[in-house]
Amino acid sequence: QVQLVESGGGLVQAGGSLRLSCAASGSTFSINAIGWYRQAPGKQRELVAAITRGHSAAYADSVKGRFTISRDNAKNTVYLQMNSLKPEDTAVYYCHATESNYWGQGTQVTVSS
């Protein structure tokens, strides 16, 4: 089993920054790709960014150039640095272990205009 715990969400003004963390525990040897997803009220959950154990990363078009995903394999932690935040980035952000299909509990990000 894998446990994922997100942290770092909060309230920030438009143009501000936040750094989310996703700490993994349990059978972490089974984790390759980790994705950050978000879900805004009334909308479907969407993939924001993903990274493999080898640090290959991919981003949704809506966040390219503003968000950066990274990971520290020694700490079993994946980060999402979010800069130039916009009100439309407001959502609950979740991390997801792709191959084993585990989800974290989510962390709320609210961007005020």
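Round to the nearest 0.05 the FRET efficiency obtained for GLN1 and ASN73 when R0 = 25 Å and r is the Cβ-Cβ distance.
E(calc), rounded to 0.05, equals 0.85.
How many nm separate the modelled label positions at GLN13 and LYS86, each set 7 Å beyond the Cα in the direction of the Cβ?
In this crude label model, GLN13 to LYS86 measures out at 2.0 nm.
Take the solvent-accessible surface of the protein heavy atoms, probe 1.4 Å, and return the percent of it on the stretch 47-113 that carbon and sulfur atoms account for.
50 percent
Can you tell me the order of 68-74, 79-85 when each peptide is scored by its average per-residue count of other Cβ atoms within 10 angstrom, highest first?
Result, highest mean Cβ count within 10 Å first: 79-85, 68-74.
Between GLN44 and ASN32, what is the spin-label point distance in nm, taking each point 7 Å from the Cα along the Cα→C-beta axis?
2.5 nm
Tally Lys/Arg at +1 and Asp/Glu at -1 over every other residue whose Cβ is under 12 Å from the Cβ of ARG66; what's the total?
Result for the local shell: -1.
Which value, in Å², gives the accessible area per residue of the stretch 12-71 when a 1.4 Å probe is used on the protein heavy atoms?
Details: 3190 Å² over 60 residues.
That works out to 53 Å² per residue.
So what is Rg over Rh here for the chain, counting just Cα atoms and using Kirkwood for Rh?
Numbers: Rg = 13.2 Å, Rh = 13.8 Å.
That ratio is 0.95, to two decimals.
Normalised by the number of residues in the stretch 27-113, what is the relative contact order in percent for Cα pairs under 8 Å and 6+ residues apart?
RCO, the stretch 27-113: 30 percent.
Return the sequence-ordered ³J(HN,Hα) values of the stretch 38-51 in whole Hz as given by the Karplus equation 6.51 cos²θ - 1.76 cosθ + 1.60 applied to θ = phi - 60°, using x for Gly and Pro.
Coupling constants for the stretch 38-51: 9, 9, 8, x, x, 10, 6, 5, 10, 6, 9, 7, 8, 8 Hz.
At 7 Å along Cα-to-Cβ for each site, give me the label-to-label distance between SER100 and ARG53 in nm.
1.1 nm
The values are calculated or read from the model by the stated rules, or taken from the named source; none is laboratory data. Small disclaimer: the values here were computed from a predicted structure and weren't measured. Cβ: placed from backbone, ideal geometry, glycine included. Neighbour counts: every protein chain shown. Surface accessibility is based on the protein's heavy atoms, side chains included, excluding ligands, DNA and RNA. Shrake-Rupley method; radii C 1.70, N 1.55, O 1.52, S 1.80 Å.
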